[in-house]
Amino acid sequence: MQPCPNRVLLSLAVAMLAALWGLDAVSVAPNRIVAGTGYPLWQAFGWPGAGLATLLPVVMAVLATYPVRHRDAALLAVSVLLLALMPFGLMLAAHGWIKPGMPQARLSLGPACWTVLFLLSLCLVELRLKMRLARSAMALWLAGVAGVWWLCAALWLEPLALVQEFQARSALFYRALGEHLALVGVAVGTSIVLGIATALLIRRFSVCQPAAFALLNFLQTVPSLALFGLLLAPLAWLGANVEWLAALGVSGIGWTPALLALTIYSLLPVVRNTCIALEAVNPAVLDAASGMGMRPAQRFWQVRLPLALPVLLEGVRITTVQAIGLTAVAALIGAGGLGDFIFQGLGQAAMDMVLLGALPIIAMALIADALLGALADIFRREAIRQGDAL
């Protein structure tokens, strides 16, 4: 039995009810150019759908107010259920407002749906922390919800504007996704190698540590567009005057400045976390390793590095999530990636095209955060076990 109400989830549930009944649930437009018409909850989903959409937040509010057994687990189940049922509500709206004689008509999520999605994400974060769920467990819940959304979108939600944008540009989308992943992968991989090497050097020559961190902190504060602009002139000169660099495709625009900028931005978290991780290893554990006859190299590779790995992986996690987001800006200098859809959509005032680029970036960042966080947790448990053994 829990002694007091969960005020955070109660507030979120009340905010959901206010959004559902105070904002438009969906928007219907006759074509891509004309602005859509918003419809409130009871018109969009019908009274049965509106009743169910209202019931679940009410249940959350009641559960958050009154202490019952397994309250947090019940709140988690209701939150996930509401997430999973949302595409079925969109199907009801599409069936009611998109007629067979309207081939160009499209359905978009209204502010009520977006607000509820945001509030549900806050609910899931609160419940994961309160229940101390592993990232992997929460990822499985969300993977099931994502599967329901994907199935509904693929089979029954063709009038959804986001689905129509994807169908019209599927080949370009997959190419942009590949470019995005390639830029992130190369930039993060390069920054890990350079960052760990830099951390080892400044740890060995500690007199250089303040200057090194001052430089990395300065580079981190330079705005991304400004850094792209600073790299444009020297890279254009190198591409024009150095033959082998030109053969590699080095120029002032394209993948070269994007890759350099992303690598520069990714260095600080890796270097900082590597230094902190290596210094945080308990000296008593290292003394025990020395007492067992380990040489310095063995102590580093078999004791210090495995114990430091969880904190080091946290730096890689931060770097990866940051790079996934920053790569979107690289589209402005012709590097490709999902940012192309974002900026094209902004130029055409087509918000669904913006979402076609933005939502996969958000999904990739969340997946990378969950996977690397879960991996860090595994290594943290192993480090504790290894430290206790020594």
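Brief remarks on what is shown
- Directionally averaged shadow of segment 65-216, computed from the convex hull of its alpha-carbon atoms, nm²: 15.1 nm²
- The Rg/Rh ratio for the chain is 1.05, where Rg is the radius of gyration of the alpha carbons and Rh is the Kirkwood radius.
- Segment 1-59: Rg to Rh, with Rh as the Kirkwood radius over Cα pairs: 1.17
- Segment 161-285: C-alpha gyration tensor shape, a/c 1.5 cut-off, then a/b vs b/c: oblate
- The mean sequence distance of close C-alpha pairs (under 8 Å, at least 6 residues apart), as a share of the length of segment 1-157, puts its relative contact order at 34 percent.
- Kirkwood radius, segment 259-300, all distinct C-alpha pairs, inverse of mean reciprocal distance: 12.3 Å.
- Taking a ≥ b ≥ c as the square roots of the eigenvalues of the Cα gyration tensor, segment 6-121 is prolate, since a/c reaches 1.5 or more and a/b is larger than b/c.
- For ARG106, nonlocal amide neighbours, meaning residues 5 or more places apart or on other chains whose placed amide H falls under 5 Å from its own, are ALA29, ASN31.
- For segment 221-232, putting each phi into the Karplus relation 6.51 cos²θ - 1.76 cosθ + 1.60 with θ = phi - 60° gives couplings of 7, 6, x, 4, 5, 5, 5, 4, x, 5, 7, 4 Hz, in residue order, rounded to whole numbers and with x for Gly and Pro.
- The 3J(HN,Hα) values that the Karplus relation (6.51, -1.76, 1.60; θ = phi - 60°) gives for segment 67-80 are, in residue order, x, 9, 5, 6, 5, 5, 5, 5, 5, 5, 5, 5, 5, 5 Hz. Gly and Pro appear as x.
- Two numbers describe the Cα atoms of segment 306-367: Rg and Dmax, which are 14.7, 51 Å.
- Residue by residue, segment 212-220 carries 3J(HN,Hα) couplings of 5, 6, 5, 5, 5, 5, 5, 5, 5 Hz when phi is fed to the Karplus relation 6.51 cos²θ - 1.76 cosθ + 1.60 (θ = phi - 60°); x denotes Gly or Pro.
- Rg and Dmax of segment 130-181, both derived from C-alpha coordinates alone, stand at 15.1, 43 Å.
- Overall Cα dimensions of segment 72-135, principal axis frame, Å, largest first: 51, 18, 18
Taken together, the values in this text are just the output of simple stated rules run on the coordinates, not laboratory data. This one's a predicted model, so the numbers in the text were calculated from it and none came from an experiment.
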